[in-house]
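Read through the structure below, which is laid out as structure tokens, and then see the notes.
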Amino acid sequence: MVFFLFLKNIQYFSQFRIFTISKMAKSKFEYVRGFETEDYLLPNCWIVVRIDGKDFHKFSKKHNFEKPNDRRALSLMNRAAVSVMEEYKDVLLGYGQSDEYSFVIRKDSTIYNRRRSKITTYISSLFSSSYVYYWKDYFNDIKLKYPPSFDSRCILYPTNENLRDYLSWRQADCHINNLYNTTFWALVLKGGLTNAEAEKRLCGTLSSDKNEILFSEFDTNYNNEALIYRKGTILLKKRIKHPTTGKNRLVIYPLHEDLIQDVFWRTNSEILEIKSCGFYEVSQDIELPDLVLTQLHSFKSSELSDKSEKIS
Ligand SMILES: Nc1nc2c(ncn2[C@@H]2O[C@H](COP(=O)(O)OP(=O)(O)OP(=O)(O)O)[C@@H](O)[C@H]2O)c(=O)[nH]1
Ligand SMILES: [Mg+2]
């Protein structure tokens, strides 16, 4: 028995390449490793990683983001999120709005032995570096004035209902903030109010009041505002038919739809069924989103098989 335990220990330590039969060879500092704590996530739960930009009210000002929404900034967020989803095959869905992105990792994932710190730090650092890497593709000659950073947290959801409610919460938040910001900036930029006056005017108003202000004072029907602003962006792994070659290609496809309703979950049933991707019928009369076109262009034949393996 003692010998058996001894053998097990050999196996354990050799994994960390510190095994040595002689105790003398270990440094006297080795004991500090014992202070490190393990942080394994519970099995069989959906893992959601949400990243959020640090001080983006300042970052957006410094870089003159358009108000209330800057299309370039949102597209760059989506591009960085695609990098994360290309790298991590267990991420089944991404949802982004404003300066935040949520990534849903399949509940049966064994990624990094489900170690919380590995998962959150790798995802936020890949997101941050991709944001910087692709900056010039979206902002052209506008210089990045300082390096942005994103925090990251990890939340576990034991049921499908909890997961759906989480995503519904983020999308409802997107709607509430966007309606507020759209009305606020209409009052300031078109109505000539100061920021403080606009804030006061909106204090205590309901959604219907804001809709009415937009409609009656600024000739704006909120329901006609772009879906990307009102619903945020849902990224899903989909097989689509390549428009020119006719071949099936696996891409990360952006949708700007209502994910609160059942129909979204029926149409994209692969998510809750924990399948690695679904099929997306691209209608003949719509153009593929730029985000998909860039993925198709970057698929050189050799890279393609690599990438497909990674994310299928
Ligand atoms: N003008 C403009 N601002 C944006 C846009 N997207 C995000 N922002 C700014 O980013 C902020 C994001 O909100 P928060 O994450 O709550 O605020 P934060 O300043 O990032 O603060 P922390 O996340 O706590 O560090 C918004 O309040 C806006 O000021 C955009 O498209 N246009
Ligand atoms: Mg933020």
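Within the stretch 246-265, the set of residues being in a strand (DSSP E or B) and closer than 18 Å to Ala226 by Cβ comprises Tyr253, Pro254, Leu255. Of all residues in the stretch 31-72, exactly one satisfies the criterion of being among the aliphatic types (A, V, I, L, M) and within 14 Å of ligand 2 (Cβ to nearest atom), namely Ile51.
In the stretch 142-153, the residues that are without any contact (Cβ under 8 Å) to a residue 60 or more places away in the chain and over 21 Å from Glu66 (Cβ atoms) reach residues that are more than 12 Å from ligand 2 (Cβ to nearest atom) and outside any loop (DSSP other than H, G, I, E, B) with C-beta atoms within less than 9 angstrom, at least six apart or across chains, in these pairs: Pro147/Ser128; Pro147/Val132. Of everything listed in (1) under 19 Å from Leu227 (Cα atoms); (2) touching a residue at least 24 places away in the same chain (Cβ under 8 Å); (3) not aromatic (Phe, Trp, Tyr), the single unmet condition for Gly53 is (1).
Scanning the stretch 79-94 for residues that are within 12 Å of ligand 2 (Cβ to nearest atom), touching a Phe, Trp or Tyr at 6+ places or on another chain (Cβ under 8 Å), of a type in the set (Gly, Ala, Ser) and at pLDDT 95 or above turns up nothing. From the list Lys190, Lys210, the lone residue that is without any contact (Cβ under 8 Å) to a residue 40 or more places away in the chain, of a type outside the set (Gly, Ala, Ser) and surrounded by 19 or more Cβ atoms within 10 Å (Cβ to Cβ) is Lys210. Is it the case that Tyr166 is within 16 Å of ligand 1 (Cβ to nearest atom), among the aromatic types (Phe, Trp, Tyr) and under 18 Å from the mean Cα position of the chain (by Cα)? Here the answer is no, as Tyr166 does not meet what is asked. Is it fair to say Asp99 is surrounded by fewer than 17 Cβ atoms within 10 Å (Cβ to Cβ), farther than 20 Å from Lys238 by Cα, at pLDDT 95 or above and touching a strand residue (DSSP E or B) at 6+ places or on another chain (Cβ under 9 Å)? For Asp99, the condition - surrounded by fewer than 17 Cβ atoms within 10 Å (Cβ to Cβ), farther than 20 Å from Lys238 by Cα, at pLDDT 95 or above and touching a strand residue (DSSP E or B) at 6+ places or on another chain (Cβ under 9 Å) - is not met. Taking the numbered list (1) over 20 Å from Arg71 (Cβ atoms); (2) surrounded by fewer than 19 Cβ atoms within 10 Å (Cβ to Cβ) in turn, Leu167 passes all entries but (2). Can you name the residue in the stretch 217-241 that is charged (D, E, K, R) and part of a helix (DSSP H, G or I) and, of all such residues, is farthest from Tyr253 (Cα to Cα)? Checking each candidate, the answer is Glu217.
The combined condition, being of a type in the set (D, E, K, R), surrounded by fewer than 15 Cβ atoms within 10 Å (Cβ to Cβ) and either out of contact with any Ser or Thr (no Cβ under 6 Å at 6 or more places or on another chain) or on the phi < 0 side of the Ramachandran plot (or both), is fulfilled by Arg153. Looking across the stretch 36-85, the residues that are part of a loop (DSSP other than H, G, I, E, B), of a type outside the set (A, V, I, L, M, F, W, C) and over 23 Å from Leu163 (Cβ atoms) come down to Glu36, Thr37, Glu38, Lys54, Asp55, His63, Asn64, Glu66, Lys67, Pro68, Asn69, Asp70.
The values are calculated or read from the model by the stated rules, or taken from the named source; none is laboratory data. Not measured: the values here are computed from a predicted model. A quick note on method: Cβ atoms are made from the backbone with ideal geometry, for glycine too, and the neighbour counts reach across all protein chains shown.
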